[in-house]
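To keep things clear, I will list the structure first and then write my remarks on it.
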Amino acid sequence: MFAMVDLRSDTVTQPCAGMRRAMSDAEVGDDVLDGDPTTRRLEVRTAELLGTERALFFPTGTMANQAAVWVLSQRGTEILVHEDAHLVNWEMAGLAALAGVQVRCIRGAPRATPETLRAVVRDPSRDGSRATLLCLENTHAGSGGTVTPLAELLELSAFGRSLGMRVLLDGARLWNASAATGTHPSEFAATADLTMVSFSKGLGAPVGSALAGAGVLIDAAWEARKRFGGGMRQSGVLAAAALYGLEYNLQRLGQDHENARRFAAIVGQADDILVVPPTTNIVMIDLPSRLDAVQVAGSAQARGVRVGAWSRSRLRAVTHLDASTEAVEFAGTVVRDLLS
Ligand SMILES: Cc1ncc(COP(=O)(O)O)c(C=O)c1O
């Protein structure tokens with residue numbers, strides 16, 4: 001019925017015809033030399049949505065995160081990050097290699113909470129080392145797209161700041177956190193010094209993220225971006241895709257969340273497995289020891305469904321705009337039958 005339903009990530013989406021048209025029609029300049037008008041429009045729109053003074057377009061969320069850490073932390077100090085954060089697990093030790101900071105992990109599933117943060121904070125007058133940055137992630141991808149509610153984020157951020165830390169919010173899926181809670185993205189962004197948002201996940205753009213914050217921090221982030229090789233020329237071609245995503249795909253994220261719940265309900269019919277109830281677009285499935293996630297993912301692929309093996313005992317499925325409700329239901333049935 002379906003050629004292949006790919007639920008490995010919400011980054012697998014193909015730019016639709018309208019998005020490709022917007023890219024091909026984009027008015028462009030040289031953004032390193034003297035500016036690109038479409039990139040400027042995207043940055044203004046992003047800053048508006050996040051309620052910040054300015055925003056800066058980046059080719060990837062990873063580069064934006066690393067630039068933010070470069071700007072907000074101090075070399076030779078500690079930064080506090082959850083052990084399952086993207087910054088820790090998927091950014092090639094960039095925190096050490098680029099910003100020269102030591103990571104102190106906030107432990108405990110599913111994400112940083114005021115209690116787990118308090119548990120790792122050290123007293124510089126007694127312990128010597130000092131933390132200069134607190135990194136938070138919302139939604140938290142590693143724990144299954146869980147949302148940190150605004151009240152909790154405010155508490156975390158206020159606690160970090162009371163100890164002299166600056167705050168970075170990795171909001172690669174902040175749009176999903178907003179869609180799930182009704183909290184405006186600007187309210188989340190107000191808890192951080194710099195907020196990273198992505199256009200290449202649920203919004204369907206081929207690449208692109210942004211950092212948003214105060215003008216002086218964005219000036220510093222501009223320098224870091226250039227240093228990291230992220231100065232882009234006719235970037236309006238890419239910014240146009242991001243603008244299209246904001247205009248047409250932001251409003252539909254709730255559908256992905258509904259599809260994730262359907263998928264979870266179907267897979268949850270299999271005996272002996274634990275499906276973590278999704279709050280956004282990511283579903284984690286814990287397998288009993290007799291099953292191997294890599295093998296299950298391989299068998300699912302042979303039946304027309306791609307899911308990720310998050311670990312040996314955990315599968316991950318992510319809903320997105322290229323997977324219709326029918327396709328997601330089909331995928332859920334395939335995975336359920338394999339696990340039964
Ligand atoms: C939470 C989070 N932060 C950052 C990133 C990095 O984004 P990019 O793939 O654009 O580098 C991702 C990518 O999946 C992510 O999930």
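The values are calculated or read from the model by the stated rules, or taken from the named source; none is laboratory data. Everything numeric here is computed off the predicted structure, so don't read it as measured data. FYI the Cβ positions are ideal-geometry reconstructions off the backbone, even for glycines, and counts take in every protein chain you see.
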Task: Filtered residues of the range 25-41 (kept if out of contact with any strand residue (DSSP E or B) (no Cβ under 6 Å at 6 or more places or on another chain) and either touching a residue at least 60 places away in the same chain (Cβ under 8 Å) or closer than 30 Å to residue 334 by Cα (or both)) - done: 25, 26, 27, 28, 30, 31, 32, 33, 36, 37, 38, 41
Task: the range 147-183 - residue that is among the small types (Gly, Ala, Ser) and within 18 Å of residue 250 (Cα to Cα) and, of those, surrounded by the fewest Cβ atoms within 10 Å (Cβ to Cβ) - done: 182
- [ ] Please report, ordered by residue number, the helices (runs of 4 or more DSSP H) entirely within the range 143-244 with at least 3 residues that are more than 25 Å from residue 317 (Cα to Cα) and not small (Gly, Ala, Ser).
- [x] 150-162, 215-227, 236-244
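Yes/no per residue for (1) of a type in the set (Ser, Thr, Tyr); (2) modelled with pLDDT under 95; (3) closer than 22 Å to residue 18 by Cβ:
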| site | (1), (2), (3) |
| --- | --- |
| 174 | no, no, no |
| 180 | no, no, no |
| 183 | yes, no, no |
| 197 | no, no, yes |
| 200 | yes, no, yes |
| 210 | no, no, yes |
| 227 | no, no, no |
- [ ] Would you please list the contacts, defined by Cβ atoms under 6 Å and residues six or more apart or on different chains, that run from a residue in the range 284-312 that is of a type in the set (Asp, Glu) to a residue that is assigned to a strand (DSSP E or B) and surrounded by fewer than 19 Cβ atoms within 10 Å (Cβ to Cβ)?
- [x] 286/274; 286/314
Open item on the list: Just to verify a result, which residue in the range 60-91, among those that are in contact with a Ser or Thr (Cβ under 8 Å, 6 or more places away or on another chain) and assigned to a loop (DSSP other than H, G, I, E, B), is nearest to the ligand (Cβ to nearest atom)?
Closed with: 60
- [ ] Please work out which one of (1) within 12 Å of the ligand (Cβ to nearest atom); (2) touching a helix residue (DSSP H, G or I) at 6+ places or on another chain (Cβ under 6 Å) is the condition residue 171 fails and give its number.
- [x] (2)
Open item on the list: Any residue in the range 141-158 that is in contact (Cβ under 8 Å) with a residue 24 or more places away in the chain and within 22 Å of residue 10 (Cα to Cα) sitting within a Cβ distance under 9 Å of a residue that is aliphatic (A, V, I, L, M) and part of a loop (DSSP other than H, G, I, E, B)? List the pairs, counting only those 6 or more apart or interchain.
Closed with: 141/85; 141/172; 142/85; 143/109; 148/112
Open item on the list: Checking residue 280 against (1) outside any helix (DSSP H, G or I); (2) out of contact with any strand residue (DSSP E or B) (no Cβ under 7 Å at 6 or more places or on another chain); (3) surrounded by fewer than 24 Cβ atoms within 10 Å (Cβ to Cβ), only one condition comes out false. Which one?
Closed with: (3)
- [ ] Look at residue 169 and say whether it is in contact with a strand residue (DSSP E or B) (Cβ under 8 Å, 6 or more places away or on another chain) and more than 15 Å from residue 40 (Cα to Cα).
- [x] yes
